[in-house]
Amino acid sequence: MIGSPAMAQITRPKSNPNTPSLKVSGTDMDYFQPKEYTIGGTTLSGAKFIDKEVIITLSKLIKGEKILLPGEATSNAIKTLWAQGLFDDIELDITKMVLDTVYFDIKVVERPRLSSFELNGLSKSQKTDITEKLNSKSGKTIINENTYNSTTGIINKYLAEKGYFFTKVDYKTKPDPNMENGVVLQVFVDKGNKVKVHEINFTGNKEFKASTLRKYLKKTKQQAFYKVFGSGKFSKEKYKEDKEKLIAKMQEKGYRDAVIIKDTTYLYNKKSVGVKIDLYEGPKYYVGNITWSGNAKYATKDLNKVLGIEKGEVFSEEKLNTKLHGNGAESDDVSSIYLNDGYLTFNVEPVQTKIYNDTVDLEVRIYEGPQYTNNRITVKGNTITNDRVVLREVRTRPGDKFSKDLLVRTVRDLGQLGNFDESKTVPTPKPNPSDGTVDIEYAVEEKPSDQVELSGGFGGGRIIGTIGLTFNNFSLRNILNPKAYKPLPKGDGQKLSLRGQTNGKYYQSYSFSFSEPWLGGKKPVSFGLSAFTSLSSNGVDVGQSAQRIRLNGITVSLGRRLKWPDNYFQISHAINMQQYVLNNYPGYLFNTGTSYNFNLTQEISRDSRNSPIFPTEGSYFKFTIQATPPYSLLNHTNYATASDKQRYKFTEYHKWKFEGQWFQRVMGKLVLKGQAQFGFLGSYNNAVGQSPFERFKLGGDGMQGFDFLQGSEIITMRGYANSAVTPATATTSGQIQTATNSGSPIYTKYVMELRYPVIASQQATAYLVGFAEGGNTWNRFSEFNPFNVRRSAGIGARIFLPIFGMLGIDYGFPFDNIPGQANGGKQNFTFSIAQQLGGFN
């Protein structure tokens, strides 16, 4: 019994918070005869940063409620508040009693709040990464057990991905003078050693060798002495993925019941772990009877032919699903033949109808659905490129039947424009079942496409400076519109290039080119215009010692896409007009005079590469014929006695070139590239001989600069110096000598490359290269031997930056000496800047 409104206090002891006691000052309560009271009100004191009303509500000591004193309600209130983890101390006071009404005050001491983290025992980059993950916790977070647990979890997860498997984390706190009730959480991290996998053992495997099963674990490799660069760190996430792939591989081999019964990861030593996997293989299954249902468009025999799975072969769900639903952009599966014929809502489901002994019977159930016709074709995300430039590349035309192949081809063609991030080009079909049409929306994302070349190099024994600008999305029609300059008019898909190269008075070269891929805007007929002028000299302006050559040229071209043999082909025609003015200039078949080169060029190419920058499949072929009129066969000049001025006034030749590239994904991201090139420069008249210009120079970086503007075509070959791969000829005494390199009329080159991407993003693409190549040049067709080549091998890297183009560095090891060349013609390092993507990429 309480005789007066004296102060009563209920305290939760910190040592044992689950047994709060009831103490009353002045008057004792009768614990044997509890009395019911009405709560007149509850206050909360000591709280500054939390919602008082919420805390009072959680205590359930709410005004108007009935309560027994003494009783469990007060102890339960304390327990509930302690469970929130917000307080270091809680007291419940009875502030007064009026008749049957009681008033409470809850006194609390709030736990400190987290102001920031102080990480110790980590590298600078690790601190940065982990702080970013932890920052969301600072400012309002109460420091309690959950704070410690979640922080430890974040740190452990991050470091586990870095190979630190046995990490220890300890904590201390210190006051933060800049934040009331705030503390800095000091985190002390003992990373331990990076952990690798020392051994992977299997039990329960009878048909599969342990070595085979280890190969299925692509990202979890055990250590071995022959792995020069180590087996890699152990990652829990990658190990989890590998376990799924392991079972998938076993099922692919016919063991459809295969499962992992259990697996264990144990500490082998301080630097490595061991892995033990207990397997159940089950029996090997084979395909039984295959039946089809729901197919009206195509006969069962035709579908069986596309499926390509025979009765009695090993049962593989992966192969079955691939042949039914396809894999990537391939179109040799059952779904593709329907989707390419307008059946947008087509669905196919294989059902295992009967399993007996080691045989699985299948029923393939098909829902064909209606044929859909393309309706509205739209594009979004092209903030710079005009709609018509995008839509003219779209192959899914309104009124045509829907086709998956044309959808995939459109994504490829939009990527070939170079204006969009091809990885983010997303087509979205939106069917309209009411009228059997489908709207298709192509979402694209612009990327920087203009390029700048600003470099210094070494050529002709002197430093050469180069500046070049290429605008890949130029708009000529807005050239007079001041508002369109950003900094130049853009959006029409045209290409404008300006380039200058000089080392002062010894060498100067300037070039210009413009191309329009859709002349007139209605058909894919391309138009090109280019011009150049260059001057090279020994720096002496007058006198007999003065040596100089000036070249001027202009080219006009037209091209168009073909539909036959298929729509990957293109053909182009060009008229080229060039002037060569030589004054006592060595290295050609004549030293002084003027020569004119009027020629027609016919080129046919086929490009089915799936990407212009890093192709993983497809091919590229180009065949070129370039010819001048046969002047010597049309006039009556006796060239046997003609002077150089007569003989070379009008350059005559016919030039044949072929290049082929093949790309194939080997495994994972590894890509194989094969390449072959051939060039031949022929003459019409033996009395005139071969042209002094348009010859081939093989070796070096292939940069189209100093030599190119002197009338030669430069062919790269890594491991050898620029233009060093020259023909070797035998003298009458049997000695081998090499002629001065004015270029050769015949060359061939072969390349094999293995490529592996390390960066693939909108901002940059980078990949590593391992290569082997061979090539040679000849002066006469009678000496030509395609198997007699100079060889090299090496490694390199490429990085494509939208603003600079393709940049490359290679280290090539040459296997053959070039007679008559300094250092045998060898050069290990090769650099390339803004190289053309069609050839040396």
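The values are calculated or read from the model by the stated rules, or taken from the named source; none is laboratory data. This one's a predicted model, so the numbers in the text were calculated from it and none came from an experiment. Every residue, glycine among them, receives a Cβ derived from its backbone with ideal geometry; neighbour counts consider all protein chains shown.
Things to note:
- Checking Ile818 against (1) surrounded by fewer than 20 Cβ atoms within 10 Å (Cβ to Cβ); (2) β-branched (Val, Ile, Thr); (3) outside any strand (DSSP E or B), the condition it does not meet: (1)
- All positions within the range 569-604 that are buried (at least 17 other Cβ atoms within 10 Å of the Cβ) and hydrophobic (A, V, I, L, M, F, W, C): Phe569, Ala574, Leu582
- Tally, over the range 380-401, of residues that are under 13 Å from Tyr442 (Cα atoms) and polar (S, T, N, Q): 2
- Test result for Asp607, modelled with pLDDT of 85 or more, acidic (Asp, Glu) and surrounded by fewer than 19 Cβ atoms within 10 Å (Cβ to Cβ): yes
- Residues (touching a Phe, Trp or Tyr at 6+ places or on another chain (Cβ under 7 Å) and either of a type in the set (D, E, K, R) or farther than 14 Å from Pro427 by Cα (or both)) located in the range 379-398: Arg392
- Applying the criterion of being closer than 30 Å to Asn156 by Cβ and among the charged types (D, E, K, R) to the residues of the range 105-123, the residue that is surrounded by the fewest Cβ atoms within 10 Å (Cβ to Cβ) is Glu118.
- 1 or more residues under 30 Å from Lys191 (Cα atoms): qualifying helices (runs of 4 or more DSSP H) within the range 50-157: 124-134
- Candidate set from the range 300-340 (those that are acidic (Asp, Glu) and surrounded by fewer than 17 Cβ atoms within 10 Å (Cβ to Cβ)); member that is nearest to Glu368 (Cα to Cα): Asp302
- Scanning the range 48-85 for residues that are hydrophobic (A, V, I, L, M, F, W, C) and buried (at least 18 other Cβ atoms within 10 Å of the Cβ) turns up Ile55, Ile56, Leu61, Ile67, Leu69, Ala77, Ile78, Leu81.
- Arg791 fulfils the conditions (1) over 30 Å from Gln416 (Cα atoms); (2) among the basic types (Lys, Arg); (3) at pLDDT 95 or above; (4) surrounded by 19 or more Cβ atoms within 10 Å (Cβ to Cβ) except for a single criterion, (4).
- Test: Lys649 is among the basic types (Lys, Arg) and over 19 Å from Asn686 (Cβ atoms): no
- Matching residues in the range 761-793 - criterion: being under 29 Å from Val452 (Cα atoms), touching a strand residue (DSSP E or B) at 6+ places or on another chain (Cβ under 8 Å) and touching a residue at least 60 places away in the same chain (Cβ under 8 Å): Thr765, Tyr767
- From Val411, Val444, Val379, residue being free of Cβ contacts under 8 Å to residues at least 40 places away in the same chain, over 16 Å from Leu344 (Cα atoms), surrounded by 15 or more Cβ atoms within 10 Å (Cβ to Cβ) and of a type in the set (A, V, I, L, M): Val411
- Among residues of the range 635-657 that are surrounded by fewer than 16 Cβ atoms within 10 Å (Cβ to Cβ), none has a beta-carbon under 8 Å from a residue that is small (Gly, Ala, Ser) and at pLDDT below 80 at least six positions away or on a different chain.
- Strands (runs of 3 or more DSSP E) contained in the range 219-308 and holding at least 1 residues among the aromatic types (Phe, Trp, Tyr), touching a residue at least 12 places away in the same chain (Cβ under 8 Å) and farther than 22 Å from Lys191 by Cβ: 272-280, 286-293
- Note on the range 601-711: enclosed strands (runs of 3 or more DSSP E) holding 2 or more residues that are among the polar types (S, T, N, Q) and within 30 Å of Phe569 (Cβ to Cβ) are 618-627, 654-667, 670-682.
- Subset of the range 587-604 (residues that are free of Cβ contacts under 8 Å to residues at least 60 places away in the same chain and more than 48 Å from the chain's Cα centre (by Cα)): Asn591, Thr592, Gly593, Thr594
- The listed residues are Ile50, Ile56, and the only one of them that is aliphatic (A, V, I, L, M) and at pLDDT 85 or above turns out to be Ile56.
- Selection count, the range 385-409, where residues are more than 14 Å from Val438 (Cβ to Cβ) and either under 23 Å from the mean Cα position of the chain (by Cα) or not hydrophobic (A, V, I, L, M, F, W, C) (or both): 11
- Considering the range 193-225, the residues that are among the polar types (S, T, N, Q) and farther than 18 Å from Glu241 by Cβ include one that is surrounded by the fewest Cβ atoms within 10 Å (Cβ to Cβ), namely Ser211.
Every residue, every condition in (1) within 16 Å of Leu134 (Cβ to Cβ); (2) touching a Lys or Arg at 6+ places or on another chain (Cβ under 8 Å); (3) among the acidic types (Asp, Glu); (4) without any contact (Cβ under 8 Å) to a residue 40 or more places away in the chain, yes or no:
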{"residue": "Lys157", "(1), (2), (3), (4)": "yes, no, no, yes"}
{"residue": "Lys168", "(1), (2), (3), (4)": "no, no, no, yes"}
{"residue": "Asn181", "(1), (2), (3), (4)": "no, yes, no, no"}
{"residue": "Lys194", "(1), (2), (3), (4)": "no, yes, no, no"}
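- Positions within the range 524-580 being among the charged types (D, E, K, R) and assigned to a strand (DSSP E or B), in sequence order: Arg548, Arg550, Arg560, Arg561
- Of all the listed residues (Val102, Val98), the sole one being hydrophobic (A, V, I, L, M, F, W, C) and surrounded by fewer than 20 Cβ atoms within 10 Å (Cβ to Cβ) is Val98.
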